[in-house]
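Just below is one structure, and these are the notes that go with it.
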Amino acid sequence: MSLMTLTKTEMICKTATTFINRAELLHCFEDICSKIASLCNSKSLKQGICIHTPIIKLGLQDHLYLNNNLLTLYAKCYGLDHARHFFDEMPYRDVVSWTGILSAYTKHEQHAEALDVFDSMIISGECPNAFTFSSVLSSCFALGEFSYGRRIHASLIKLGFESNQILGCSLVRFYSWFDSTEVACKFFSSMESKDVVSWTTMIASCLQGGKWTQGLRLYKSMLNAQVFPNEITFVKLLAAPCFVGLHYGKLVHGNMIVLGVELNLAVKTALVDMYSRCRRIEDAVKVSKLTPEYDVSLWTVVISALAQNMKFDEAVAAFHEMEISGILANNVTYLSMLSICISILSLDLGTQIHCKVVRSGLENDVAVGNALVDMYMKCSSAVEYGLRIFRGMESPNVISWTSLISGFVEHGFLEDSLNSYMEMTAVGVQPNSVTLSVVLRACSRLKSRVQTSKLHACIVKTNSDQDIVVGNALVDAYAGSGSVDDAWLVVRYMNRTDAITYTCLATRLNQIGNHELALDVINIMLNDDVKIDGFSLACFLSASAGLGRIEAGKQLHCYSVKSGLSFCISAANALIDLYGKHGLIHKARRAFAEIIEPDVVSWNGLISGLAMNGHIYSALSAFDDMRLTGYKPDAFTFLLVLSACRHGGLPDLGLQYFDSMKEMYGVEPQLDHYTCLVNILGQAGRLEEAMDILDTMPFKPDALIYKTLLAACRIHRNVPLGEDLARRGLELNPSDPAFYGLLAKLYDVCGRFDLGEQTRRSMQDKALLNTG
């Protein structure tokens, strides 16, 4: 063999060896990339993307398995845009590729796009698998696409997937959501093999659809079928006792113990939630302490449970304990805490929670932002804090706007509330029924028929008047502005009325003094087959009291006893008021005694009835009883007590009660209280003291307080002071004839008939001047 031949042979062998080595290396690299991609996918590690560049450099961009792994990794770690771009660049796609991008859209809640991808997949000729159908059914479920879902069901039957357990669970969930529980049950019954997942899905679907009894029966059938429930089954089951009773909850809990179910965090949280919703807070706390493990979800449920049962101090203590344990609060925890701040009207606590929200980086969470706006609007005496939070929100939603508008209404900034509503609609946020009812409340307080009519027109255009909440608010707004005929017209055109509709109407009619028409509402209400409730009954009793018709009141009292409404606190309070105004003190006392837990309104009604019927010492004794039983008097209580002292001629006691308002009970005296105190001192002849109070009180004196003290000057014949008071009063309103009349009577009493006659002539001249 020649040297030339040998050299060629060696070169061929070396080249072949190089190619063999390269192929081995390439295969090895493929294997490494596959393992890296698989590992990073399982742990959602962004670092896995580092293999993308060498894959392209080595010419492996057509490798389908690697590309499918990269697609999933892009979707998990870099978002849909990157994933979709990669998918569109893939030279080859299989069912895994299509299912990967489709499930990515579903997980990111872009369900319409997911269905578009599925349609494109079918057009491309690729046949879907069970996982594809499962994602598509989830999107149909989320979008409310019942017809599309039915077509998917038909397709999977054609492709032979009807016995697939994963799809069986998806279909059960799908049909149950669309209130087709019977179809879901029928499909579930036809399933050949049912495991714990399919049983749990069917039970959960029944419970979510409000079919509590059916869900519990299915659980019994599950046990009879020798399929043992898991933790998720019990988590779902423990939602039912809140609706069917604590007894069932205890049975489920007992069953868990018998079956030896591990009390993990999910199960313990569900148990705590169940007991708290059934108002068994002690049992809820006891269960939470059965094991030392806690997470943020369990702490949040404990805090919420304590708050719902009015144990606010314990709830705040639980929050601090959670922080000490090192567990960070989430947005739901902060929502519970802000709800507590609103319940106890604690701005200090609310500000502290706000600081913690900022530190935790949740200030841009819309739900937390809404709660902060609501808290500041309700707890602060100014609207600026809530407005500042609102203006700092990136994308305020309808709840954000509603909280802002409601805050303006509660603080009396009615025009601002209407302007905010206009701004809300201008930026494209559509109001909901709560928003509209709040804006209508502003119209009612403004007593503006024009604004109510404008808003009514917008409501009709958007078909929102079909909502009973909005309809009731419209009735209240029209009646509140004195447009009773318009209010009746709204009632007539409402698709459905309820007790609130007629209660709003009767309340407003009472306020404008039309008690006769308020009582007529009873017959209309009964003709519409609407049952009288405790609140509407209270309105009708108030109408009877206002008309002086004790017989009508007694008939309503009989109705309350027969219908079981006598135990309703609002109706019982109205009875006390009725009998007190008619001088039937023994009946008022009996009505009060029959209340199991009287409130401040009950006590006020009793004190008022006793005082107005001359039982001054009994009224003051009732006030002492109220304080001793732990009820905190309000501003109206003190007005009644001061009035009793005025009628009883008890100036020293009146001063004592007045001084105790702020010092002992934190009730800030208003102008009405100062007027009553001035009246007490004036009638007792302590005119200088009364004048000192008038000059030093933190309010600008009005005409009434001047008239009150001027009348006292007439009783005690103090001309100089009377003249000074008349002068001050006439500076407020020069055309008020009452000041001339009171001053003339003062002169007459003091024997200065010439000045009295002169004052009357001045009054007549003023009247002629104003007429001219």
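Summary table below
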{"quantity": "Trp98 - accessible surface, heavy atoms, 1.4 Å probe, Å² rounded to 10", "calculated": "20 Å²"}
{"quantity": "Modelled FRET efficiency - R0 60 Å, Asp748 with Asn309, Cβ distances, 0.05 increments", "calculated": "0.35"}
{"quantity": "With DNA, RNA and ligands ignored, accessible area of Ile715 (1.4 Å probe; Å², nearest 10)", "calculated": "100 Å²"}
{"quantity": "Share of pairwise Cα separations in the range 192-232, more than 17 Å, in percent", "calculated": "22 percent"}
{"quantity": "Accessible-area ranking of Phe234, Phe753, largest first, probe 1.4 Å", "calculated": "Phe753, Phe234"}
{"quantity": "Theoretical gain in end-to-end length, Leu246 to Asp695 [0.36 nm per residue, Cα-Cα removed]", "calculated": "155.4 nm"}
{"quantity": "Pairwise centroid distance, computed over Cα atoms, of the range 550-624 with the range 85-115, Å", "calculated": "70 Å"}
{"quantity": "Enclosed volume per residue, in Å³, of the convex hull spanned by Cα atoms of the chain", "calculated": "273 Å³"}
{"quantity": "Over the range 411-469, volume per residue of the alpha carbon convex hull, in Å³", "calculated": "82 Å³"}
{"quantity": "Kirkwood hydrodynamic radius (C-alpha pairs) into Stokes-Einstein, the range 241-318, 4 °C and 1.567 mPa s, D in µm²/s", "calculated": "103 µm²/s"}
{"quantity": "Helix 398-410 axis, angle to the chain major axis (alpha carbon atoms, nearest 10°)", "calculated": "10 degrees"}
{"quantity": "Probe 1.4 Å, protein heavy atoms only - accessible area per residue of the chain in square angstrom", "calculated": "51 Å²"}
{"quantity": "Gain on full stretching of the segment that runs from Asn419 to Val484 - 0.36 nm per residue minus C-alpha separation", "calculated": "20.8 nm"}
{"quantity": "Solvent exposure ordering (accessible area, 1.4 Å, most first) of Arg508, Arg590", "calculated": "Arg590, Arg508"}
{"quantity": "Relative contact order (%) - the chain, alpha-carbon pairs under 8 angstrom, separation at least six", "calculated": "3 percent"}
{"quantity": "Computed over the range 392-495, Kirkwood Rh from alpha-carbon pairs, angstrom", "calculated": "13.6 Å"}
{"quantity": "Folded to 0 to 90 degrees: helix 331-344 orientation relative to the chain principal axis, Cα", "calculated": "10 degrees"}
{"quantity": "Over 19 Å [Cα-Cα, the range 570-695], rounded percent", "calculated": "47 percent"}
{"quantity": "Residue-level accessible surface for Met691, protein heavy atoms, 1.4 Å, Å²", "calculated": "20 Å²"}
{"quantity": "Within the accessible area of the range 200-252 (1.4 Å probe), percent carbon and sulfur", "calculated": "56 percent"}
{"quantity": "Accessible-area composition of the range 544-630, carbon plus sulfur, in percent [1.4 Å probe]", "calculated": "56 percent"}
{"quantity": "With eigenvalues of the C-alpha gyration tensor scaled by 5 and rooted, the range 667-772, Å", "calculated": "25, 17, 9"}
{"quantity": "Listed residues Val272, Val258 arranged by accessible area, highest first, probe 1.4 Å", "calculated": "Val258, Val272"}
{"quantity": "Farthest toward positive dipole pole in the chain [+1 Lys/Arg, -1 Asp/Glu at C-beta], among Gln430, Cys676, Val252", "calculated": "Val252"}
{"quantity": "Descending Cα extents along the principal axes, the range 290-386, whole Å", "calculated": "45, 28, 19"}
{"quantity": "CD proxy at 222 nm, helix term only [per DSSP H run n ≥ 4: -39500 (n - 2.57); per residue of the chain; nearest 500]", "calculated": "-24000 deg cm²/dmol"}
{"quantity": "Filter on Lys236/Lys268; Lys707/Lys745; Lys531/Lys581 - keep pairs with C-alpha separation over 19 Å", "calculated": "Lys531/Lys581"}
{"quantity": "Summed residue charge, Cβ within 13 Å of Met422's Cβ, Lys/Arg positive, Asp/Glu negative", "calculated": "-2"}
{"quantity": "Cα-based shape type of the range 485-576, given that a ≥ b ≥ c are square roots of the gyration tensor eigenvalues and the cut on a/c is 1.5", "calculated": "oblate"}
{"quantity": "Packing rank of 132-139, 150-157, 358-365, where each peptide gets the mean count of other beta carbons within 10 Å, highest leading", "calculated": "132-139, 150-157, 358-365"}
{"quantity": "Percent of alpha-carbon pairs separated by more than 29 Å within the range 214-360", "calculated": "24 percent"}
{"quantity": "For the chain, size of Cβ-based charge dipole, Lys and Arg +1, Asp and Glu -1, in debye", "calculated": "1020 debye"}
{"quantity": "Solvent-accessible area, 1.4 Å probe, carbon plus sulfur percent, for the range 326-473", "calculated": "54 percent"}
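The values are calculated or read from the model by the stated rules, or taken from the named source; none is laboratory data. Nothing here was measured: the structure is a model prediction, and the numbers come from that model. Backbone-built Cβ (ideal geometry, glycine too); neighbour counts: all protein chains shown. These area figures cover heavy atoms from the full protein model, side chains too; ligands, DNA and RNA do not enter into them. Shrake-Rupley method; radii C 1.70, N 1.55, O 1.52, S 1.80 Å.
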